[in-house]
Amino acid sequence: MSASLEKGVRVLKEMIDAPIASYFNSCVHCGICAEACLFYTETGNPKYTPIHKLEPMRRLYEQEYTFLGRLAKMVGLSKPVTDAELGEWQELVYNSCTLCGRCSAVCPVGNDIAYMVRKMREGMSASGHSPDGLKGAVTRTVNIGSPMGIKLPAVKAQMKHVEADYGMTIPLDMEGAEYLVMLSSMEIINFPEYLGAIAKIMRQAGKTWTLCSEAFEATNAGMQIGNSDLARVIVKRIVDGAEKLKVKTVISPECGHAYTALRWEGANLVGKPFSFKVQHIVEVLEEFRLAGLLKTEGMETDRLTFHDPCQLARRGGVIEPQRNLLKMVAKDFHEMPDAGFMNWCCGGGGGASAIEEGEELRLEAFKRKKSQLDAVKPKRLVTACANCRIVMEEGLEHYQMNLPIVGLTEMIAEHIPDPVDSK
Amino acid sequence: MDHLQLLTWARGPGLDLSLGVLVLGVIWRLIEIYGLGRKQDLSAPRDVAGASGWNTIIRRSVPPPGMFKTSPVSYMGGYIFHIGLAIVVFLFAPHIKLVQGVLGLAWPGLPSQMVDFVTVVTMAAMIVVLFDRINKPVKRYLSTFGDWFTWALTFIPLLSGWMAVHHLLVPYTLMLAIHILSVELLLICLPFTKLFHAFTVFGSRWYNGAINGHKGVPV
Amino acid sequence: MKSRHPQQPGTEFSVPGTVGEGLARHGVSRRAFLKFCTVMTSMLALPPSMAPAMAAAIAATRRQSVIWLSFQECTGCTEAITRSHSPTLENLIFDLISLDYHHTLQAASGEAAEHAREQAMKDNAGKYLLIVDGSIPMANPGYSTIAGISNYDMLVDSAKGAAAIVAVGTCATYGGLPKANPNPTGAVSVADIIKDKPIINIPGCPPIPVVMTGVLAHFLTFGTIPELDGLGRPKVFYGETIHDRCYRRPFYDQGKFAKTFDDEAARRGWCLFELGCKGPVTYNACATTKWNDGTSFPIQSGHGCIGCSEPNFWDAGGFYKALSMPANPLKVGAGVAAAGAAAGVVVTFLNRGKKGAAKAAHETTTLNDLEQ
């Protein structure tokens, strides 16, 4: 119970670095970032302009780290940041930002606004101004092991199901396996097909893999709430698991932010480079495809489109592999407008989907995805992020659109022929 | 103080003072900003051609796909204003002489009628951009005193320079003095207002390009 | 000042003591005089119909008593006005006036000369025209005296009974060369001292002779001073810059500049701006009236305008330095760069200390710490 303004300010002072200083000094208030943000475009409310979401941090930067700002604060020209102000900003920093990074991709002066929001959340969480939904998620992840409160027995039950359905054993805690497969709670509860798909793919590729009983949950609510101390606790489990099992590669599941947490933030959180590789499942599949280890048969014939998860594509650099993989199995594939690097967020990334009070805004913002989908009119929507999938399913239901969503890995796996000898 | 004295002051001590503040301010502020440093990124980089800070410095000069039509006034106004300003500042013969006087560098200029035309176009673009700032809810919402102030700070040198050339309102000598003094005010304010983006834009684009380039994303 | 009413035309050349009588005595015909007046009206931008009226007015006028005082000067202004003597009609302007005191030109010397001045002041109290060339030293009255009288005292004394004062040359009008930095004599202009009389400034180093005669003609015709600009100069002669009326202006507009005084561009007569021409900031009539009976003017002879009719032209940053060049070379560059770096380093040092302190004070967040 020690969150306070003072602590928040102190953490923000830790966070502000040269890029942030450069970004604040470069902003000319052109407002182009607003046009890139679905929370602005769909509501028309200028308070959702991305750079505005950082206003308290900007003032703090000037007051603490510039000579003239210190002077202005001393003579009362610049108001100090207050607790009430941070409270007011909570909605802007969490509910209306999914860290999708579209603003960072368009800013004419080159400001990486998403980078700044991520850092601002550190101060927000330290000052006690973070959403209850995320607090709950991070508490469950730290205490129980997963944001949805899933424990190992639930995973084991899932494994049994898959083993029964596919007639394969799911390795657990197998030391020396090449791949450590991570899951997201979403997949454990809602999309159990994923685990079976992995099993089929690995069997065809002839690779060794394993789950880890101490680290099966890939998602990191600590990163979403913006608290490095808690994010570190969560990511450390995976690092320990991977090191203990001596795996070569840890596979991030179909979950955008889990990928960012593990692939890009992980090493920085634990403070040392990883001894293993981290790959998103889509990257692994692409590697298998290129190596001739992934063979499919048959094609999907209905009209398909693909939703790029922001953290995988724009913030993760994986854009072409998913398209190459889709080509293997989809005959009638069509891109949405702005697909790929400039794709629009589902509206629930960066932890936003866990914020109950943000639902109305989220559904409003979903209109952007809806219009993208209306332009293509697909029969099914493919994606590679379980969170995007859930958020979009909610949105589609709200707007009464009948459009099934399917995971890419799962779709690929469906086209992998059963080995002759297993029958 | 008469007009010629004012002009001579502007060309002499005024110029010394303003250039002095500019050089001092720019170096100070650059160190102040970039001296904060940043942590080394410990994650394994993904190497992708075209994903680097230097690439982004260039690439960000062009609107990303689909963005132009969302803010045509900002983009067009921005292009015309920045390019026009560069032409007027760096290709008008007397301005080149000034640079030559201070730095010893010289290059060919443009005929003054052409510079005159560009000045008018640049001023028109600035006025359009100003109206856009008043008109567009987002821009109006974001705007602070600094935005209006720096607009005026940039516009007055253009207007006074143009009026001096055309002998409007007050005698040429006085208008030329006003023109030079307004530029000097601009130089003095540059390091301490949003005009400093003229310098930090390169650092900001570089950081964005480098941070995302580390992930293999050519932003 | 009251304007004079011309008498009937035809009679003015015979009334004793008038200008007309003087002209007749010198064999100047009415026709020639009218021609002079036509030239003057056009120069003064008056309607042509004013020429006969001007002729009538001047001819009927009693020759105007003029006292010419020379202070800290080089006699260049007097030299210039004498150059206007021959062979045109302009030289006869001296017959329009009674030059009662001019210590360079008058025959009398010593006490007799001073006596002439005192006499003229007494006889024409309140009516005489006072012409001054040269600046007035204020640092020490001994820097310049005439007959033991300081310039300041003589000016103040002579100005009392004057109808108007004409300050001739840049020294009298604005302090001129004697006032150039560091102004050792504390030189000031006439207008700096005399505040209660109408003053016409005819600056130039020297002024254009025809401009001096033109202003006198105007005063004699209308009895009023011509319309002046903010610097006390007749607008009719000082309304436009040399640059605006310069025949080399098209080259400026095209960006064609001579780089040295003997390059190909200079030989082709291109613009002298880059060689330091001050034409753009100099208000004078040189480019239109020209000098020596309309023969030429400095720019036509291949040298840039030095701006000699502008206040403080001597200290306006150097004659051969383009207007766009800094008036004084920047000498603070390295110093301010070092100061900027020092300021930046100090602030950075403080910033890093602050950031370090924030880091050191970091308390690892536990779940409980998410709540206030």
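Please treat every number below as a calculation from the coordinates, not as lab data. Everything numeric in this text was worked out from a predicted model, so none of it was measured. Cβ placement follows ideal geometry from the backbone for every residue including glycine, while neighbour counts extend to all protein chains displayed.
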Q.
Just to be sure I understand: with springs between alpha-carbon atoms less than 10 Å apart, which residue in C:Ala167, C:Ala147, C:Ala60 has the highest mean-square fluctuation in the Gaussian network model of chain C?
A. C:Ala147
Q. What helices in chain A pass both tests, a Cα length along the helix axis of 27 Å or more and a mean Kyte hydropathy of 1.0 or higher, using whole DSSP H runs?
A. none
Q: Report, ordered by chain and residue number, the aspartates and glutamates lying within cross-link reach of C:Lys321, taken as a straight Cα distance under 13 Å and ignoring same-chain residues fewer than 8 apart.
A: C:Glu274
Q: Select from chain B the helices, each a whole stretch of DSSP H, whose alpha-carbon atoms run 24 Å or more along the helix axis and whose Kyte-Doolittle mean is at least 0.0; answer none if there are none.
A: B:15-34, B:72-91, B:112-135, B:145-165, B:172-189
Q. Looking at this model, which pairs from B:Lys139/B:Lys194; A:Lys160/A:Lys207; A:Lys331/B:Lys215; A:Lys200/A:Lys327 are more than 23 angstrom apart at the alpha-carbon?
A. A:Lys331/B:Lys215
(Q) If the elastic network links every pair of Cα atoms under 10 Å, which of B:Ile180, B:Ile188, B:Ile96 fluctuates the most in the Gaussian network model of chain B? (A) B:Ile96
(Q) Based on alpha-carbon centroids, what's the gap between segment C:32-63 and segment A:257-288 in Å, whole number please? (A) 99 Å
Q: Using only atoms on other chains, find how many Cβ atoms lie within 10 Å of each Cβ of peptide B:62-74 and report the average.
A: 4
(Q) Of the candidates C:Asp262, C:Asp192, C:Asp153, which one comes out as most mobile in a Gaussian network treatment of chain C with C-alpha springs shorter than 10 Å? (A) C:Asp262
Q. Among the lysines, which have Cα under 21 Å from the Cα of A:Lys13 when same-chain residues fewer than 8 positions away are ignored?
A. A:Lys53, A:Lys73, A:Lys79, A:Lys119, B:Lys39, C:Lys354, C:Lys355, C:Lys359
**Q.** Loop sites in segment C:196-305: GluC sites (Glu not before Pro), DSSP, at most 15 other Cβ within 10 Å
**A.** C:Glu227
Q: Determine the gain in length on full extension of the stretch C:Asp123-C:Ile193; use 0.36 nm per residue of separation and subtract their C-alpha separation, reporting nm with one decimal.
A: 22.7 nm
Q) Which of C:Lys197/C:Lys235; C:Lys127/C:Lys195; A:Lys135/A:Lys156 have a Cα-Cα distance over 21 Å? A) A:Lys135/A:Lys156
Q: Calculate the mean, over all residues of peptide A:265-273, of how many other protein chain Cβ atoms lie within 10 angstrom of the residue's Cβ.
A: 3
Q. Where does each of C:22-30, A:404-412, C:99-107 land if you order them by average Cβ count within 10 Å, highest first?
A. A:404-412, C:99-107, C:22-30
Q. If you line up the Cα atoms of segment A:255-307 on their principal axes, what length do they span on each, largest first, in Å?
A. 47, 26, 10
(Q) Give me the extension gain from C:Ala338 to C:Asn368: residue separation times 0.36 nm, minus the current Cα-Cα distance, reported in nm with one decimal. (A) 5.8 nm
Q | Convex hull projection area averaged over all views, segment A:5-130, Cα basis, nm² | A | 7.1 nm²
Q) Taking Cα centroids, how far is segment A:213-237 from segment C:181-259 in Å? A) 83 Å
(Q) Give the residue list of trypsin sites (Lys or Arg not before Pro) in segment C:260-358 that are DSSP loop and have at most 13 other beta-carbon atoms within 10 angstrom. (A) C:Arg268, C:Lys331
Q: May I ask for the percentage of alpha-carbon pairs in the protein assembly as shown that lie more than 39 Å from each other?
A: 59 percent
Q: Can you give me the span-like helices of chain C, meaning DSSP H runs with 27 Å or more of Cα extent along the axis and Kyte-Doolittle mean at or above 0.0?
A: C:333-360
Q. Taking neighbour Cβ counts within 10 Å as the exposure measure, how do A:Arg368, A:Arg203 sort from fewest upward?
A. A:Arg203, A:Arg368
Q | Sequence-separation-based contact order of chain C, relative, with Cα cut under 8 Å and 6+ spacing, percent | A | 13 percent
Q. Which whole number gives the average count of other chain Cβ atoms within 10 Å of the Cβ atoms across peptide B:4-10?
A. 6
**Q.** Free-standing Cys, chain A [no other Cys Cβ under 4.7 Å]
**A.** A:Cys27, A:Cys30, A:Cys37, A:Cys97, A:Cys107, A:Cys212, A:Cys255
Q) Where the centre of each part is set by its Cα atoms, how far does segment A:1-77 sit from segment C:154-175, in angstrom? A) 66 Å
Q: Taking the Cβ of each residue in C:Glu21, A:Glu297 as the centre, tally the other Cβ atoms inside 10 Å and list the residues starting with the fewest.
A: A:Glu297, C:Glu21
(Q) Could you work out [θ]222 nm for chain B from helices alone, using -39500 (n - 2.57) per DSSP H run of at least four and dividing by all its residues? Round to the nearest 500 deg cm²/dmol. (A) -22500 deg cm²/dmol
